[in-house]
Amino acid sequence: ELKVEQNPLFLSMQEGKNYTIYCNYSTTSDRLYWYRQDPGKSLESLFVLLSNGAVKQEGRLMASLDTKARLSTLHITAAVHDLSATYFCAVDYPTNAGKSTFGDGTTLTVKP
Amino acid sequence: DTGVSQDPRHKITKRGQNVTFRCDPISEHNRLYWYRQTLGQGPEFLTYFQNEAQLEKSRLLSDRFSAERPKGSFSTLEIQRTEQGDSAMYLCASSPGQLYYGYTFGSGTRLTVV
């Protein structure tokens, strides 16, 4: 069974600081996703990572994938309040691209 | 096309009643997925369709749950004889055949069973 673990689950940080969210998964896969969810809202797709060493950046967020270590990171640079949200990583089953397993999410609070 | 739409947004029902949710995917997307999310958890996979074919169902989906996607367009998820444990956000997502683009999620239907 594919398991996805995120840490930390809760993160409080000051504006302007940097931090990294980690996503570990238990079974080989070459398809990993990062989503953002605001309270009471649905999920917004942030990044799709498809190969070992993939790195994608959008604004203050940068995601990377190491398939050998079964690890993805979401790095936050110079955090701002608008980044406060819950961030989920999700991994597709290697033999079933239609089925994703999600982590429990990291709730990020950025304080002024 | 404005994205994945779900109806209703909220549903309150009494235990034992049947409920049905609808999802309209992005029109050019041939894959459609249903997930369930409870408070403080990540979404859990329920089932998915490629066109009108239901390709997989989660073990989480008891016999009380059924999903259809007639003609490969919109989909419905029905829960029969609802239980309090069914209270959750039901999310629909769609994607094109090329998964490079990932999934687009709808706003969800929040079900409360009282």
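Points to keep in mind about this one:
- Of the residues A:38, A:82, A:92, the one that moves most in a GNM of chain A with alpha-carbon contacts below 10 Å is A:82.
- Counting lysine pairs in segment A:1-108 that sit 8 or more residues apart in sequence, or on different chains, and whose Cα atoms lie under 28 Å apart gives 11.
- Average Cα contact separation per residue, chain A, under 8 Å, 6 or more apart, as relative contact order %: 36 percent
- When you filter the trypsin sites (Lys or Arg not before Pro) in segment B:10-83 for DSSP loop state and at most 14 other Cβ atoms inside 10 Å of their Cβ, you are left with B:14, B:15, B:59, B:64, B:81.
- Net charge of neighbours whose Cβ lies under 10 Å from the Cβ of residue A:77, counting Lys and Arg as +1 and Asp and Glu as -1: +2
- With a simple spin-label model that places each label point 7 Å from the Cα along the Cα-to-Cβ direction, the separation between residue B:50 and residue A:109 comes to 4.5 nm.
- Only alpha carbons enter this Debye calculation for the protein assembly as shown, each as an equal point scatterer, and the log10 of I(q)/I(0) it gives at q = 0.08, 0.12, 0.16 Å⁻¹ is -0.29, -0.65, -1.11.
- Orientation-averaged projection of chain A equals 6.5 nm² [convex hull of Cα atoms, one quarter of hull surface area].
- Residue of B:27, B:62, B:95 that the Gaussian network model of chain B assigns the largest fluctuation, springs spanning Cα pairs under 10 Å: B:62
- When trypsin sites (Lys or Arg not before Pro) are flagged only if DSSP places them in a loop and at most 14 other Cβ atoms lie within 10 Å, the longest unflagged stretch of chain A comes out as A:69-112.
- Coupling constants for segment A:10-17 follow from the phi torsions by the Karplus curve (6.51 cos²θ - 1.76 cosθ + 1.60, θ = phi - 60°), and in residue order they are 10, 9, 10, 9, 7, 4, x, 8 Hz; glycine and proline get x.
- For the chain pair A and B, buried accessible area totals roughly 1700 Å², probe 1.4 Å, rounded to the nearest 100.
- Counting only Cα atoms, chain B measures 40, 25, 22 Å along its principal axes, largest extent leading.
- Taking all Cα pairs closer than 8 Å and separated by 6 or more residues, the relative contact order of chain B comes to 37 percent.
- Of the GluC sites (Glu not before Pro) found in segment B:49-109, the ones in coil according to DSSP and having at most 14 other Cβ atoms within 10 Å of their Cβ are B:52, B:83.
- Chain A: most fluctuating residue of A:48, A:91, A:80 per GNM, C-alpha cutoff 10 Å: A:80
The values are calculated or read from the model by the stated rules, or taken from the named source; none is laboratory data. Everything quoted here is computed from the prediction, not taken from an experiment. Neighbour counts run over all protein chains shown; Cβ positions are idealised from the backbone, glycine included. Accessible surface is based on the protein model in full, side chains and every heavy atom, while ligands, DNA and RNA are left aside. Shrake-Rupley method; radii C 1.70, N 1.55, O 1.52, S 1.80 Å.
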